[in-house]
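See structure below.
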Amino acid sequence: MKVKIRFGVRSEDGRTSNVWICWTQLEKSDAYLTSDALGKMLKLSDHPTGRTHIAYHYDKRDDLFTAETLPKERFILKREDAKRVDEVCSLVACLFFPAGTIGDVPRDAPVDTIWLPEAPEGHATEVGIFRFTRESLPNDWPGKRDGANLVARLPLGGVGQLCIVWRFSTFQMPPTPKNTGTRSLFKGRTEEELLGANRAVIFGTTDTGAFSLIETKVSVKRNDVVGGEVATREAHE
C-alpha cells in the first residue's frame with residue numbers, strides 16, 4: 001500500500017517550483033522522494049536498514065540509455081549507515097528552494113498539492129524529511145521550537161513514520177564543483193533540448209551525511225554545453 005503527498009513552493013504572484021512527491025510503501029517501510037520532472041528518470045529511496053540512495057529507475061534503463069551511454073551503475077549517491085536502525089529519529093534528506101529561483105510562470109498542479117511560501121532574499125525554503133522508528137508525539141516534530149512547520153506525517157507500516165517539515169533557512173548557493181566526467185544526453189534527447197533547459201536539481205550531502213537536493217533556475221547557453229554532467233541534468237529537468 002502506498003501513501004503519498006505532493007508539495008512545492010509558490011510565490012505570492014503564483015510562480016511555482018516543480019511539484020515534489022513523497023511517498024511510503026507500507027509493506028516494506030520504505031520511503032521515496034522525486035519530482036514531477038525527475039520522476040520519469042530517478043528518485044531518492046530510503047530503507048529501514050539504514051540504506052539511502054539516489055538512483056536511476058532500474059526498469060527504465062533501456063528508455064534512458066543506449067548501450068554506449070549506459071553508466072557502470074545506476075546509483076548517483078549512496079549512503080549506508082546501520083546505526084540509523086537504532087535511532088529514534090534520523091534526517092533522511094533536505095530539499096532547498098532558494099529565494100529568487102522559483103519558476104517564471106505558474107504551473108498546473110494536482111489540487112491536493114501542498115504549497116509552501118517562497119523564502120525572503122538570502123534564504124531558502126528548506127524541507128526536511130525525517131524517519132522515526134517509533135510514533136512521535138502528535139503536537140511535536142523536528143525543529144518546532146526553532147520555527148519549523150509541519151508539512152505531513154506518512155506512516156511507514158508497523159511502528160514508525162516519516163515526518164516532513166519546512167522552514168526558512170539562511171542559504172548561500174554552494175560553488176559548482178569542477179566536472180571531470182563525460183557529458184552525454186539521455187536516449188532520444190538532443191542538444192537543442194539541452195539549450196531549452198530552465199530548471200536544475202543539484203545533489204549533495206549535508207554535514208550529517210543526509211542527502212541535500214537544491215532545486216534552482218538555470219539558463220543554458222551554447223558555450224555551456226561542453227560542461228558535462230551538470231548540464232546534462234539541466235536538460236532533463
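The values are calculated or read from the model by the stated rules, or taken from the named source; none is laboratory data. All figures in this text were calculated on a predicted structure; none of them were measured in a lab. Note that we place each Cβ from the backbone using ideal geometry, even for glycine, and neighbour counts take in every protein chain shown. To get the accessible areas, we keep the full protein, side chains included, count just its heavy atoms, and leave off ligands, DNA and RNA. Shrake-Rupley method; radii C 1.70, N 1.55, O 1.52, S 1.80 Å.
Which value in deg cm²/dmol, rounded to the nearest 500, describes the helix-derived mean residue ellipticity at 222 nm for the chain, given -39,500 (n - 2.57) per DSSP H run of n ≥ 4 and division by the residue count? Computed mean residue ellipticity for the chain: -1500 deg cm²/dmol.
Would you mind getting me the FRET efficiency between LYS4 and THR190? Use the beta-carbon distance for r and R0 = 45 Å, nearest 0.05.
Once rounded, the FRET efficiency stands at 0.85.
With a cut-off of 12 Å between beta carbons, the residues surrounding ASP13 carry a summed charge of -1, where Lys and Arg count +1 and Asp and Glu -1. Shape class of the stretch 102-175 from the alpha-carbon gyration tensor: oblate, with a/c at 1.5 or above and b/c at least as large as a/b.
Length gained on full extension, HIS47 to ARG61, computed as 0.36 nm times the residue gap minus the Cα-Cα distance: 2.9 nm. In this calculation the C-beta distance from ASP140 to VAL85 is compared with R0 = 22 Å, giving a FRET efficiency of 0.45. 3J(HN,Hα) couplings calculated from phi for the stretch 106-114 with the Karplus curve 6.51 cos²θ - 1.76 cosθ + 1.60 (θ = phi - 60°) are, in sequence order, x, 10, 5, 8, x, 5, 8, 5, 8 Hz; Gly and Pro show x.
Accessible surface of the chain, 1.4 Å probe: 51 percent of it comes from carbon and sulfur atoms. Excluding same-chain neighbours fewer than eight residues apart, the lysines reachable from LYS60 by a Cα-Cα span under 25 Å are LYS2, LYS4, LYS28, LYS40, LYS43, LYS72, LYS78, LYS187. Probing with 1.4 Å while keeping every protein chain in the model, the per residue accessible area of the chain equals 54 Å². Between the alpha-carbon centres of the stretch 6-83 and the stretch 135-166 there is a gap of 21 Å.
For the pair THR69 and LYS217, the difference between a 0.36 nm per residue extended length and the Cα-Cα distance amounts to 50.6 nm.
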